[in-house]
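The values are calculated or read from the model by the stated rules, or taken from the named source; none is laboratory data. Keep in mind that this is a model prediction, so the values were computed, not measured. For neighbour counting, all protein chains shown are included, and Cβ atoms are generated from backbone atoms with ideal geometry for every residue, glycine included.
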């Protein structure tokens with residue numbers, strides 16, 4: 001079957017989105033491929049379609065249990081055999097799952113990168129008829145990225161198990177340096193890099209300076225309607241802000257990395273199924289969250305990096321509807337308080353400038369714009385702020 005026939009049969013679409021078909025063709029030609037696509041750009045189809053066109057199994061590396069479970073569920077709904085191995089499964093369950101990947105009809109095996117530390121898992125992969133290695137959230141492999149995860153460095157060992165099987169690495173956020181690093185870390189042979197525009201025309205980016213940022217947040221949520229995400233810096237604030245929203249009649253809950261896996265899964269499911277409107281979270285709630293009708297994303301603190309902001313703001317507007325606001329609300333700071341040159345104020349001033357030029361940077365991919373993006377990334381880092389004030 002052709003790629004379009006697969007797309008029609010399993011997903012019901014007549015045509016691909018921009019660049020999807022080119023990425024699929026590159027994979028089918030056996031080339032190591034890197035796809036830079038905005039959030040909601042259809043990255044998963046780029047490995048699911050070619051894997052269904054070839055005999056064997058596609059191994060998908062993903063950092064999040066919730067994302068793995070969701071992808072497996074969606075594939076099974078379409079009649080596609082898929083399975084995930086994650087924490088909480090017994091050794092017997094893992095053993096059966098791996099055997100099914102070798103001897104059964106499983107087309108997709110989802111693994112966390114940490115699983116590759118296991119000799120048992122690696123040895124079983126050796127006996128699988130693998131047709132593709134798909135690396136989701138590929139920026140996590142780069143120490144130059146904002147979300148480096150050491151476990152991703154284990155991925156280089158996959159080539160030792162199946163030397164002729166291509167990698168497809170996908171990400172929604174990568175600087176030019178990270179793009180280079182991904183290819184180097186994964187030992188790309190004949191690399192192909194595809195990059196879509198990262199401009200999201202239906203999203204509005206705003207930096208707001210407010211004396212009462214909690215009050216402004218509540219007004220935005222009540223006016224906007226629909227579901228959304230509020231990002232804060234620490235775990236304590238997630239609970240406080242969620243409680244504040246509940247007191248104002250807004251169904252909300254909190255989420256952070258310090259919670260156990262079951263609690264995080266339950267809270268995410270409640271938000272995904274619209275049992276609650278707003279999830280108040282740290283940056284632990286981000287990658288892989290795919291909800292179509294998110295109408296707003298609000299940051300109550302200045303994000304640490306432009307990449308992180310783009311990734312988190314990208315939760316909004318995946319259904320394509322316009323005017324989904326992405327706001328950064330920070331308390332107004334003035335000269336009377338004697339902190340006009342504080343790092344927080346300077347970072348807020350810089351961030352306000354960033355998001356006024358935000359979409360322009362992502363519209364095209366000239367070397368000048370890539371360099372500008374690199375400079376902005378450096379300026380948004382705490383290190384750069386510290387260096388400014390050391391010189392003053």
Quiz item: Any residue at all in the range 316-323 that is at pLDDT 70 or above, out of contact with any helix residue (DSSP H, G or I) (no Cβ under 6 Å at 6 or more places or on another chain) and not in a loop (DSSP other than H, G, I, E, B)?
Solution: no
Quiz prompt | Meets criteria (surrounded by fewer than 21 Cβ atoms within 10 Å (Cβ to Cβ), assigned by TED's automatic domain parsing to the domain that holds residue 133 and over 17 Å from residue 130 (Cβ atoms)) for residue 74 | solution = yes
Quiz prompt | Condition broken by residue 84, with the remaining ones in (1) without any contact (Cβ under 8 Å) to a residue 40 or more places away in the chain; (2) over 19 Å from residue 138 (Cβ atoms) satisfied | solution = (2)
Exercise. Report, by residue number, each residue of the range 193-229 that is at pLDDT 90 or above, within 24 Å of residue 140 (Cβ to Cβ) and touching a helix residue (DSSP H, G or I) at 6+ places or on another chain (Cβ under 7 Å).
Key: 193, 194
Quiz item: Is it the case that some residue within the range 93-114 is without any contact (Cβ under 8 Å) to a residue 12 or more places away in the chain and within 24 Å of the chain's Cα centre (by Cα)?
Solution: no
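Out of the helices (runs of 4 or more DSSP H) lying entirely within the range 163-255, which hold 2 or more residues that are more than 21 Å from residue 308 (Cβ to Cβ) and touching a residue at least 24 places away in the same chain (Cβ under 8 Å)?
Correct list: 213-224, 235-247.
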Practice problem: Would you mind stating whether residue 122 is within 27 Å of residue 263 (Cβ to Cβ), in contact (Cβ under 8 Å) with a residue 24 or more places away in the chain, touching a helix residue (DSSP H, G or I) at 6+ places or on another chain (Cβ under 8 Å) and in a helix (DSSP H, G or I)? | Solution: no
Quiz item: Any chance the range 150-159 includes a residue that's touching a residue at least 60 places away in the same chain (Cβ under 8 Å), farther than 16 Å from residue 32 by Cβ and in contact with a strand residue (DSSP E or B) (Cβ under 7 Å, 6 or more places away or on another chain)?
Solution: no
Quiz item: When the range 136-149 is examined, which residues are found to be in contact (Cβ under 8 Å) with a residue 24 or more places away in the chain, at negative phi and out of contact with any helix residue (DSSP H, G or I) (no Cβ under 6 Å at 6 or more places or on another chain)?
Solution: 136, 143
Exercise. Please work out if residue 179 is at pLDDT 85 or above, within 30 Å of residue 58 (Cα to Cα) and within 19 Å of the chain's Cα centre (by Cα).
Key: yes
